[in-house]
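Colleague: Okay, here's the structure, questions in a sec.
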Amino acid sequence: MKFTVTDPSQTKRLGEGLAAQLQPGDVVLLDGDLGAGKTTFTKGLANGLGIKRNIKSPTFTIIREYQDGRIPLYHMDVYRLEVGGSDELGLDEYFNGDGVSVVEWSKFAEDELPANYLRLKFTRQDQLGDNNREIEFTAKGQHFNDILASGALSLDE
């Protein structure tokens, strides 16, 4: 499933729509270049989970935890682990925990990923405009296939 978004509010709206479908233990992977919309999407997802705190990129902290929503959100940026070290973070405890894990730059933690997840690939479409992005959703596992088939993800307001 692919969406073309033309402004950050649409990216957030996709995150909000997905949040309503998520349950504890779900893992969402966000991959794409710097500035492609990964953290913007996570802001929408957090809003959809009822999290009111400001969502910041966890680039330097690696993992930020938000406990004040419908279910906890564990926002991870594993870019800094490109030379290894993801096995020492205990990611499986988050992935099998009581919240939703959102992992930016998931290729750097590939060996630690669970069997089932939803992957979003963000591609900048700068030739179409500064805010244009293509967001491609790929499901691995029945639960995530069901989410994509449900029609819950939409750019409609």
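The values are calculated or read from the model by the stated rules, or taken from the named source; none is laboratory data. All of these numbers come straight from a predicted model, not from anything done at the bench. Quick reminder, even Gly has a Cβ in these numbers, built from the backbone with ideal geometry, and neighbours come from all protein chains shown. What goes into the accessible areas is simple: the full protein's heavy atoms, side chains included, and nothing from ligands, DNA or RNA. Shrake-Rupley method; radii C 1.70, N 1.55, O 1.52, S 1.80 Å.
Colleague: Counting only other residues whose beta carbon sits under 14 Å from that of Leu29, what net charge do I get with K and R as +1, D and E as -1?
Modeller: -3
Colleague: To continue, here is another question. What distance in nm separates the simple spin-label points at Asp111 and Gln23, each placed 7 Å from Cα in the Cβ direction?
Modeller: 3.2
Colleague: Under 8 Å for C-alpha pairs, at least 6 residues apart: give me the relative contact order for the chain, rounded to a whole percent.
Modeller: Relative contact order here is 32 percent.
Colleague: Would you please give the FRET efficiency between Asn96 and Asp33, computed as 1/(1 + (r/R0)^6) with r the Cβ-Cβ distance and R0 = 22 Å, to the nearest 0.05?
Modeller: That gives a FRET efficiency of 0.15.
Colleague: A further question follows. How much length is gained on full extension from Ile62 to Asn132, taking 0.36 nm per residue of separation minus their Cα-Cα distance?
Modeller: That pair, Ile62 and Asn132, stretches by 22.5 nm at full extension.
Colleague: For n ≥ 4 DSSP H runs only, could you compute -39500 (n - 2.57) per run for the chain, divide by its residues and tell me the 222 nm figure to the nearest 500?
Modeller: Helix contribution divided over all residues of the chain: -6500 deg cm²/dmol.
Colleague: Solvent-accessible area per residue for the chain at a 1.4 Å probe radius, Å²? Write out the running numbers ahead of the final one.
Modeller: Numbers: 7670 Å² over 157 residues.
Averaged over the residues of the chain, the accessible area is 49 Å².
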